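Notes for the one structure printed next.
The values are calculated or read from the model by the stated rules, or taken from the named source; none is laboratory data. Nothing here was measured: the structure is a model prediction, and the numbers come from that model. Don't worry about glycine lacking a Cβ; one is built from the backbone with ideal geometry, like all the others, and counts go over all protein chains shown. To get the accessible areas, we keep the full protein, side chains included, count just its heavy atoms, and leave off ligands, DNA and RNA. Shrake-Rupley method; radii C 1.70, N 1.55, O 1.52, S 1.80 Å.
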Amino acid sequence: WEGLAKCYHEGLVKHVGVCNYGPQNVRKAYEFFSKMDVPLVSNQINFNLMRYRSSMETKEVCDELGIQVFGYHPLGSGVLTGVYDAEWFSKVPPGLNKQKSKSTRVRWYQKNCAPVINAVRDVANRRGKSAAQVAINWSICKGTIPLCGARNRKQVLEAVGGAVGQ
């Protein structure tokens, strides 16, 4: 943290943020940087409809301290968008179940978060939006800045539609 404070005071950086800090570490960092007269402006965390409960305490502490939350994986690694469906899971080799691979995480999400996934799809269908747009808009409405990955123009336009649609 000392190095970040030094960079701030030397004008090498305009803003200081942290990543993956839970509530206690956010408070510690905020206290440290406050004593060094350095504003802590952001915390980047995993924030989406499927991890909402586990991320909410951190979000509340950041709100209390005036720290902006950037939420990565707003689409739940693709699970909320339907990228990974039952057919895809049926093709994953069984040996991967023992590894902490993306496919293992995605299967866990599907099993434990199926009601959320279904609710997102229902809202999307009722509003004439995509599941990705619903998930992105939800993150924005919760006061976070969703960090969306896009591999092509269509995904960029879809993400923008989630950012402007209510």
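Structure above, values below:
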read-out	value
Residues within the stretch 8-36 that are without any contact (Cβ under 8 Å) to a residue 24 or more places away in the chain and of a type outside the set (Val, Ile, Thr), tallied	10
Test for Met50: is it farther than 19 Å from Ala119 by Cα, modelled with pLDDT under 95 and within 17 Å of the chain's Cα centre (by Cα)	no
Qualifying residues in the stretch 135-146 (those that are touching a helix residue (DSSP H, G or I) at 6+ places or on another chain (Cβ under 9 Å) and of a type outside the set (Val, Ile, Thr)) - the one surrounded by the most Cβ atoms within 10 Å (Cβ to Cβ)	Ala135
Some residue of the stretch 143-163 being among the basic types (Lys, Arg), more than 17 Å from the chain's Cα centre (by Cα), assigned to a helix (DSSP H, G or I) and modelled with pLDDT of 85 or more	yes
Neighbours by Cβ (under 6 Å, 6+ apart or cross-chain): first from the stretch 119-134, among the β-branched types (Val, Ile, Thr) and open to solvent by 30 Å² or more (accessible area, probe 1.4 Å); second in a helix (DSSP H, G or I) and modelled with pLDDT of 90 or more	Val123/Val134
